[in-house]
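Participant: This is the structure I have questions about; it appears just below.
The values are calculated or read from the model by the stated rules, or taken from the named source; none is laboratory data. Everything numeric here is computed off the predicted structure, so don't read it as measured data. Reconstructed Cβ throughout: ideal geometry from the backbone, glycine too, with neighbour counts over all protein chains shown. Side chains are part of the model used for accessible areas, which takes the heavy atoms of the whole protein and leaves out ligands, DNA and RNA. Shrake-Rupley method; radii C 1.70, N 1.55, O 1.52, S 1.80 Å.
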Amino acid sequence: MALKNSNVENLPPQVLRLVYKEVSALAADPPEGIKIFPSEEDITELHTAIEGPEGTPYAGGVFRMRLVLGKDFPAAPPRGYFLTKIFHPNVGHKGEICVNVLKRDWKAELGLRHVLLTIKCLLIHPNPESALNEEAGRLLLEDYKEYASRAHLLTEIHAMGGMSGAPQDPADGPQPKKHAGDPSKRVAGAGLAIMAAGANNSNNSSTSGTSSSNTNIVTKKKTDKKRALRRL
């Protein structure tokens, strides 16, 4: 049974067979630096992981991506989305990818392998003329050092997860820092702080009480000494 939002039921059987064959071939022999995560439940959505090419601000990172095949595939190109947050002129804030092979240069015979390789090449040669991220496009043209610094920073923060493991759910966005937004953790933390404060107050009270007791003993001894001297 097709999943919600899947185009499996909208594609002709012969197209589905070709897609299954190509995805199987990609999984068995993926392009260099690209890993494929085929879905047995929905062949019209292909999850991948692309290594950041050496010599670019994305080097060392692994970028999760998905290709979605629409009901008109292969006459119409697939839609590409980065699931890993990336600072790149041709990637929008929601992860959408702008590249000619996914638009006017698309040909049905190109295939998914060509699409994946083109997107990887986009990490090496961004195209500021078709920028979805205008700030990244502007920096690429005017201040490459700042552009590279921003791109590398986001790579370090979001893309250093490695090539292994299951793909990120497309509904997932950038994850908050651990426990940062968890009310139960905040409550627990507050409780520990209150307990620590209580312990400190108790210790202070105890210390204060001890000091007061010591003062009383010293005063009593002085009084007793004066009384003894009077008797002499």
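Participant: Would you mind stating whether residue 159 is farther than 27 Å from residue 17 by Cα and either open to solvent by less than 30 Å² (accessible area, probe 1.4 Å) or in contact with a strand residue (DSSP E or B) (Cβ under 9 Å, 6 or more places away or on another chain) (or both)? If you could, list the steps in order and put the result at the bottom.
Facilitator: Details: farther than 27 Å from residue 17 by Cα: yes; either open to solvent by less than 30 Å² (accessible area, probe 1.4 Å) or in contact with a strand residue (DSSP E or B) (Cβ under 9 Å, 6 or more places away or on another chain) (or both): yes.
Yes.
Participant: When you go through 88, 93 one by one, which is the residue that is of a type outside the set (Asp, Glu) and within 18 Å of residue 118 (Cβ to Cβ)?
Facilitator: Values: 93 fails: within 18 Å of residue 118 (Cβ to Cβ).
On inspection, the qualifying residue turns out to be 88.
Participant: Can you say whether residue 95 is closer than 19 Å to residue 62 by Cβ and either at pLDDT below 95 or open to solvent by 80 Å² or more (accessible area, probe 1.4 Å) (or both), as far as the supplied structure shows?
Facilitator: no
Participant: Does residue 89 satisfy the condition of being open to solvent by less than 20 Å² (accessible area, probe 1.4 Å) and either in contact with a Ser or Thr (Cβ under 7 Å, 6 or more places away or on another chain) or touching a residue at least 60 places away in the same chain (Cβ under 8 Å) (or both)?
Facilitator: no
Participant: Test residue 66 against the criterion of being open to solvent by 10 Å² or more (accessible area, probe 1.4 Å), in contact with an Asp or Glu (Cβ under 7 Å, 6 or more places away or on another chain) and not in a loop (DSSP other than H, G, I, E, B), and give yes or no. Full working, then the answer.
Facilitator: Values: open to solvent by 10 Å² or more (accessible area, probe 1.4 Å): yes; in contact with an Asp or Glu (Cβ under 7 Å, 6 or more places away or on another chain): yes; not in a loop (DSSP other than H, G, I, E, B): yes.
The answer is yes for residue 66.
Participant: Would you check which residues across the range 53-71 are acidic (Asp, Glu) and either closer than 30 Å to residue 12 by Cβ or in contact with a helix residue (DSSP H, G or I) (Cβ under 7 Å, 6 or more places away or on another chain) (or both) and list them?
Facilitator: Of the range 53-71, the ones acidic (Asp, Glu) are 54.
Passing the criteria: none in range.
Participant: Within the range 26-61, how many residues are part of a loop (DSSP other than H, G, I, E, B), farther than 19 Å from residue 73 by Cα and open to solvent by 20 Å² or more (accessible area, probe 1.4 Å)? First the steps, then the outcome.
Facilitator: First pass over the range 26-61, keeping only residues part of a loop (DSSP other than H, G, I, E, B): 29-33, 38-44, 52-61.
If we keep only those that are farther than 19 Å from residue 73 by Cα as well, we get 29-33, 52-61.
Retained after the next criterion (residues that are open to solvent by 20 Å² or more (accessible area, probe 1.4 Å)): 29-30, 32, 54-56, 59-60.
Total meeting the criteria: 8.
Participant: Being aliphatic (A, V, I, L, M), over 21 Å from residue 7 (Cα atoms), part of a helix (DSSP H, G or I) and open to solvent by 80 Å² or more (accessible area, probe 1.4 Å) narrows it down to one of 122, 141, so name that one.
Facilitator: Details: 122 fails: open to solvent by 80 Å² or more (accessible area, probe 1.4 Å).
Matching residue, one of 122, 141: 141.
Participant: Out of the residues in the range 69-87 that are in a loop (DSSP other than H, G, I, E, B) and touching a strand residue (DSSP E or B) at 6+ places or on another chain (Cβ under 8 Å), state the one that is farthest from residue 124 (Cα to Cα). Don't jump to the end; show me each part of the working.
Facilitator: Let us first name the residues in the range 69-87 that are in a loop (DSSP other than H, G, I, E, B), namely 69-78, 83-87.
Then keep just the ones that are touching a strand residue (DSSP E or B) at 6+ places or on another chain (Cβ under 8 Å); that gives 69-70, 78, 83-84, 86.
Values: 69: 25, 70: 27, 78: 21, 83: 18, 84: 17, 86: 13 Å.
By that ranking, first place goes to 70.
Participant: For the range 96-151, what are the residues that are more than 30 Å from residue 18 (Cβ to Cβ) and touching a Phe, Trp or Tyr at 6+ places or on another chain (Cβ under 6 Å)?
Facilitator: Those that are more than 30 Å from residue 18 (Cβ to Cβ) and touching a Phe, Trp or Tyr at 6+ places or on another chain (Cβ under 6 Å): 136, 139, 140, 150, 151.
Participant: Same structure, new question: For residue 108, only one of the following conditions fails: (1) open to solvent by 20 Å² or more (accessible area, probe 1.4 Å); (2) of a type in the set (A, V, I, L, M); (3) in contact with a helix residue (DSSP H, G or I) (Cβ under 7 Å, 6 or more places away or on another chain); (4) modelled with pLDDT under 95. What is its number?
Facilitator: Here residue 108 meets the rest and fails (3).
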